[in-house]
Amino acid sequence: MSSDDQWRLLTEPGDHAVDVPIMCAITRFGLRNARSMLPSYLDYRDVRRAARESPTPGLLRSAFLIENPTTWYSFSIWLGEPAFSAHVEPHVAAARRVMGRISFEPGRGPELWSTKWRLVSVTNNLNWADFDLRQLIVDQSRTTGEHRDGF
């Protein structure tokens, strides 16, 4: 299947299976109180700036997402396995600071968890400002070979 055909397929409505080395990392932070949200966002912003200025392998895009006044998520998209903390020193410092803001219940521990997900399906609407996920999927499908639905 040509790149043009792959591109057209990804613009059709519905889910499209993909077989590309793109990963999503999600970390959930449950804070002790709402006053901790602003310093958490400022730390996130500093880490994101440092990641853009340093050679952070594979980081494609990230976002700070708010669930409620005391819960936020760090969401990031990677080409390959996420390798963030080892490459961005401000990440280590921010992680140490946020631990003092995290809600903690004895017997349960801190309200903090992280997951990594492999991208296996996308819809046709892949718009995110200047981030062209559709083109990235087409380019990566060339290097990994064809799979379901031509990807």
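What number of residues in the range 47-80 are in contact (Cβ under 8 Å) with a residue 40 or more places away in the chain, assigned to a loop (DSSP other than H, G, I, E, B) and within 30 Å of residue 33 (Cβ to Cβ)?
Total meeting the criteria: 1.
With respect to residue 63, determine if the residue is outside the structural domain of residue 140 (by TED's automatic domain parsing) and touching a Pro at 6+ places or on another chain (Cβ under 9 Å).
In short, no.
Considering the range 100-148 alone, what residues qualify as being among the β-branched types (Val, Ile, Thr) and either modelled with pLDDT of 95 or more or part of a strand (DSSP E or B) (or both)?
Residues satisfying the conditions are 102, 115, 122.
Restricting attention to the range 50-95, and to residues there that are aromatic (Phe, Trp, Tyr) and in contact with a Ser or Thr (Cβ under 7 Å, 6 or more places away or on another chain), which single residue is modelled with the lowest pLDDT?
84
Could you figure out which of (1) free of Cβ contacts under 8 Å to residues at least 12 places away in the same chain; (2) under 19 Å from residue 21 (Cβ atoms) isn't true of residue 109?
Looking at each condition in turn, residue 109 falls short on (2).
Does residue 41 meet the test of being touching a residue at least 24 places away in the same chain (Cβ under 8 Å), part of a helix (DSSP H, G or I), within 21 Å of residue 111 (Cβ to Cβ) and aromatic (Phe, Trp, Tyr)?
Yes: the conditions hold for residue 41.
Among the residues of the range 83-99, what is the count of those that are part of a helix (DSSP H, G or I) and closer than 30 Å to residue 18 by Cα?
0
The values are calculated or read from the model by the stated rules, or taken from the named source; none is laboratory data. Values in this document were obtained by computation on a predicted structure and should not be read as measured data. In this analysis, Cβ positions are derived from the backbone assuming ideal geometry, glycine residues included, and neighbour counts consider all displayed protein chains.
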